[in-house]
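Below: one structure, written as structure tokens.
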Amino acid sequence: MRIAVITPVAGRHSHLLLQQDGLAAGTRVPDHYVLVTMDDPRAAPLVASRTPAAETVPVPVQDGCLPLAAARNAGARHALEAGADLLVFLDVDCVPGKNTIARYAGNAVDGALLCGTVAYLPPPPPEGYRLAALPRLAKPHEGRPDPAEGQILRGGDHRLFWSLSFALTAVTWHRTGGFCEEYMGYGGEDTDFARQAADLGVELRWLGGAPVHHQYHHVSRPPVEHLDDILRNGAVFKRRWGKWPMEGWLRDFAEMGLVQYDSRTDMWHKGPPIDS
């Protein structure tokens, strides 16, 4: 089985280097390490002389929005053309555990999405993270299942899928059709992908022993800097699936007076209340 790890990149180069170190230290090193650079020409030279060797696929940023859906699709196309049988998607912040890639490979099966656990790390010490210390720094996210080492939880809730770390076979990727590229910028594209997979009968499986450690970066709660993206992408999801995603964020924005809900049209809008 030929394995490809696909990572979209737009900055966070120290995170990228530690991810590469994590892959190199694994019991199963990927056959292809595909970096999809989103207007980030500095990423490829940084990793060029390191292991595993990186293959770069450039994807342009459009209207200032990171094309995450298009980037993942471009990385998958490159990997499949190179002969990959298994696609493992990792966000640039995610450092795989020693056995993560091997666990994904050992449990790959057509017709399933495999999701390992994600642990959010605290801010790094002044000297930076040490790869060997990562498992001791954080527990898996409490909002997702946490199967034991060697355990597989089948029949998972697709609403809990996230694209930080997941794997699927080439056959399953073709079955899903990939990510919908109407989504631009933050939010919605992974929820859409999971909904599409569910409708096609692709099972979600939570995989024990396949952790990734998510390196710290500042986030806003709610993510007000992504408000426009959330409204735009939420409307795309609503048109495609008949309901709004990210409703928790939308309600938070409403409490802040940043958005309003129009019950007549079942639409969220930026700005003051809509007259009745």
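The values are calculated or read from the model by the stated rules, or taken from the named source; none is laboratory data. On a predicted model such as this, the values are computed, not experimentally measured, just so you know. Glycine gets a Cβ as well: all are built from the backbone with ideal geometry, and neighbour counts include every protein chain shown. Protein only, heavy atoms only, side chains kept; ligands, DNA and RNA dropped before computing areas. Shrake-Rupley method; radii C 1.70, N 1.55, O 1.52, S 1.80 Å.
Couple of notes before you dig in:
- The set of residues in region 190-224 being under 25 Å from Gly11 (Cα atoms) and of a type in the set (Phe, Trp, Tyr) consists of Phe193, Tyr216.
- In region 1-27, the residues that are within 16 Å of Asp40 (Cα to Cα) form Cβ pairs under 7 Å with partners that are basic (Lys, Arg), at six or more places apart or across chains, as follows: Ile6/Arg72; Pro8/Arg72; His13/Arg42.
- Test result for Ala84, in contact (Cβ under 8 Å) with a residue 12 or more places away in the chain, of a type in the set (Gly, Ala, Ser), buried (at least 22 other Cβ atoms within 10 Å of the Cβ) and in a loop (DSSP other than H, G, I, E, B): yes
Okay, residues lined up against (1) out of contact with any Lys or Arg (no Cβ under 9 Å at 6 or more places or on another chain); (2) hydrophobic (A, V, I, L, M, F, W, C); (3) in a helix (DSSP H, G or I):
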{"site": "Glu182", "(1), (2), (3)": "no, no, no"}
{"site": "Gly185", "(1), (2), (3)": "no, no, no"}
{"site": "Phe193", "(1), (2), (3)": "no, yes, yes"}
{"site": "Trp206", "(1), (2), (3)": "no, yes, no"}
{"site": "Arg221", "(1), (2), (3)": "yes, no, no"}
{"site": "Asn233", "(1), (2), (3)": "yes, no, yes"}
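Listed here are the residues, each with its yes/no results for (1) over 25 Å from Leu17 (Cα atoms); (2) in contact with an Asp or Glu (Cβ under 7 Å, 6 or more places away or on another chain); (3) of a type outside the set (A, V, I, L, M, F, W, C).
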{"residue": "Gly111", "(1), (2), (3)": "yes, yes, yes"}
{"residue": "Pro135", "(1), (2), (3)": "no, no, yes"}
{"residue": "Glu142", "(1), (2), (3)": "yes, no, yes"}
{"residue": "Glu149", "(1), (2), (3)": "yes, no, yes"}
{"residue": "Ile152", "(1), (2), (3)": "yes, no, no"}
{"residue": "Ala167", "(1), (2), (3)": "no, no, no"}
{"residue": "Glu182", "(1), (2), (3)": "yes, no, yes"}
{"residue": "Gly185", "(1), (2), (3)": "no, yes, yes"}
{"residue": "Pro211", "(1), (2), (3)": "no, no, yes"}
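- On the stretch given as region 130-149, residues that are open to solvent by less than 60 Å² (accessible area, probe 1.4 Å) and part of a loop (DSSP other than H, G, I, E, B) total 6.
- Output for region 39-75, where each listed residue is surrounded by 15 or more Cβ atoms within 10 Å (Cβ to Cβ), closer than 18 Å to Cys180 by Cα and either small (Gly, Ala, Ser) or more than 20 Å from the chain's Cα centre (by Cα) (or both): Ala69, Ala70, Ala71, Ala74, Gly75
- Considering His217, His226, the condition of being under 18 Å from the mean Cα position of the chain (by Cα), closer than 22 Å to Tyr120 by Cα, touching a residue at least 12 places away in the same chain (Cβ under 8 Å) and surrounded by 17 or more Cβ atoms within 10 Å (Cβ to Cβ) is satisfied by His226 alone.
- Subset tally (residues that are open to solvent by 10 Å² or more (accessible area, probe 1.4 Å), in contact with a strand residue (DSSP E or B) (Cβ under 6 Å, 6 or more places away or on another chain) and not acidic (Asp, Glu)) for region 179-205: 2
- Exactly one residue out of Leu137, Leu80, Leu153 is closer than 26 Å to Glu247 by Cβ and more than 14 Å from the chain's Cα centre (by Cα), and it is Leu153.
- The numbered conditions (1) part of a helix (DSSP H, G or I); (2) at pLDDT 95 or above; (3) touching a Phe, Trp or Tyr at 6+ places or on another chain (Cβ under 9 Å) are all true for Arg239 except (3).
- Cβ-Cβ under 9 Å pairs, at least 6 apart or on other chains, region 150-164 side part of a helix (DSSP H, G or I), far side among the aromatic types (Phe, Trp, Tyr): Leu160/Trp206
- Residue check, Pro52 assigned to a strand (DSSP E or B) and either hydrophobic (A, V, I, L, M, F, W, C) or under 16 Å from Ile6 (Cα atoms) (or both): no
- Condition check for Ala108: assigned to a loop (DSSP other than H, G, I, E, B) and within 30 Å of Glu247 (Cβ to Cβ): no
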